[in-house]
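Colleague: Quick one: structure below, then a few questions.
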Amino acid sequence: MKNDKALVVFSGGQDSTTCLFWAKERFAEVEAVTFNYNQRHKLEIECAQEIAKELGVKHHILDMSLLNQLAPNALTRDEIEVKDGEEGELPSTFVPGRNLLFLSFTGVLASQINAKHIITGVCETDFSGYPDCRDVFIKSLNVTLNLSMDQQFVIHTPLMWLNKAETWKLADELNALDYVREKTLTCYNGIPSDGCGECPACHLRQKGLEEYLQEKGEL
Ligand code: ZN
């Protein structure tokens, strides 16, 4: 797949940063795209910018403030609390159609920069019930994007079937474990690296890291 160009959907978090390293190993040319939807934490965008710069990846930031207007939720509004969904409910961080919109705009950008490959860190294993993180949705959208633009895009989802411990393992195999651990921001309270330790995103990240380090015999 060398000589082919790839575009990574990139938020500056653990998952998409791992995907960026994954893509850099596989494709001759890699660019990244970050969506600005007036996230609660501006730092997310700054983290993404810094990582892209350090890894020498051309970085596109697209304005998606429309999403905030359509779907006020815990990721965009200070007054809405971040919490896991009650039984049968989606978490308060769910934005309906977010991946549909992000991946559609990614497709448009990929077409403009002549990138055949699109990489996204969505994952069905830890998907918390987000319908647009499912493999069947991604496969369906891949077909739709190709039909809509008469293109031959290939959407790659390297994390689709991994749990958080396995995602850390993948980062380690890419020689990026320390980098991902120190530089990325996953925490809903906007604290980079190991985060606040209290929010659902930190719990998931920390639990996965402990599991992986234990398995590796380093804990
Ligand atoms: Zn946190």
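Colleague: Taking Cα pairs under 8 Å and at least six residues apart, what relative contact order does the chain come out at, in percent?
Modeller: 21
Colleague: Would you calculate the separation in nanometres between label points at E173 and N36, each defined as 7 Å from the Cα along the Cα-to-beta-carbon direction?
Modeller: 3.6
Colleague: Work out, step by step, the length gained on full extension between L66 and S193: first 0.36 nm times the residue separation, then minus their alpha carbon distance; give nm to one decimal.
Modeller: 42.8 nm
Colleague: Then there's this: Return the long-range amide H neighbours of H156 (sequence gap of 5 or more, or a different chain), with a cut-off of under 5 Å between placed amide H atoms.
Modeller: I118, I119, T120
Colleague: Then there's this: In terms of modelled amide H atoms, which long-range or inter-chain residues lie less than 5 Å from the amide H of K58?
Modeller: A32
Colleague: With θ set to phi - 60° and the Karplus curve 6.51 cos²θ - 1.76 cosθ + 1.60, what are the ³J(HN,Hα) couplings of the stretch 97-113 in order, to the nearest whole Hz, using x for Gly and Pro?
Modeller: Once θ is set to phi - 60°, the couplings for the stretch 97-113 become x, 4, 5, 4, 5, 4, 6, 5, 5, 4, x, 5, 5, 4, 4, 5, 9 Hz.
Colleague: For K139, give me every one of the lysines with a C-alpha distance below 19 angstrom, ignoring sequence neighbours fewer than eight places off in its own chain.
Modeller: In chain and number order, the partners are K116.
Colleague: Using helices alone, I'd like the mean residue ellipticity at 222 nm for the chain: each DSSP H run of four-plus residues gives -39500 (n - 2.57), total over residue count, nearest 500. Intermediate results must be reported in sequence, preceding the final value.
Modeller: On the way: 8 runs with 95 residues, N = 219.
Dividing the helical sum by the residues of the chain leaves -13500 deg cm²/dmol.
Colleague: Using alpha-carbon pairs under 8 Å, 6+ residues apart, how would you state the relative contact order of the stretch 109-185 in percent? Intermediate results must be reported in sequence, preceding the final value.
Modeller: Working: 73 pairs, mean separation 25.4, N = 77.
Computed over the stretch 109-185, the figure is 33 percent.
Colleague: Where is the GNM fluctuation largest for the chain (alpha-carbon springs, 10 angstrom cutoff): N189, N146, N163?
Modeller: In the Gaussian network model the winner is N146.
Colleague: Running a GNM on the chain with Cα contacts under 10 Å, which residue among F105, F153, F137 ends up with the highest mean-square fluctuation?
Modeller: Comparing F105, F153, F137 in a Gaussian network model of the chain, the most mobile one is F137.
Colleague: Work out how much length E215 to H203 would gain on full extension: take 0.36 nm times their residue separation and subtract the Cα-Cα distance, in nm to one decimal.
Modeller: Length gained, E215 through H203: 2.5 nm.
Colleague: Which of T186, T157, T144 ends up with the largest GNM mean-square fluctuation for the chain, with Cα atoms connected below 10 Å?
Modeller: For the chain, modelled as a Gaussian network with Cα springs under 10 Å, the answer is T144.
Colleague: Still on this structure, I have one more. Take the Cβ-Cβ distance between S148 and R26 as r, set R0 to 22 Å, and report the resulting FRET efficiency rounded to the nearest 0.05.
Modeller: 0.30
Colleague: To continue, here is another question. The stretch 160-202: which GluC sites (Glu not before Pro) are DSSP loop and have at most 13 other beta-carbon atoms within 10 angstrom?
Modeller: Listed in order of number, the matching sites are E198.
No value in this document is a laboratory result; all are computed from the given coordinates. Not measured: the values here are computed from a predicted model. Don't worry about glycine lacking a Cβ; one is built from the backbone with ideal geometry, like all the others, and counts go over all protein chains shown.
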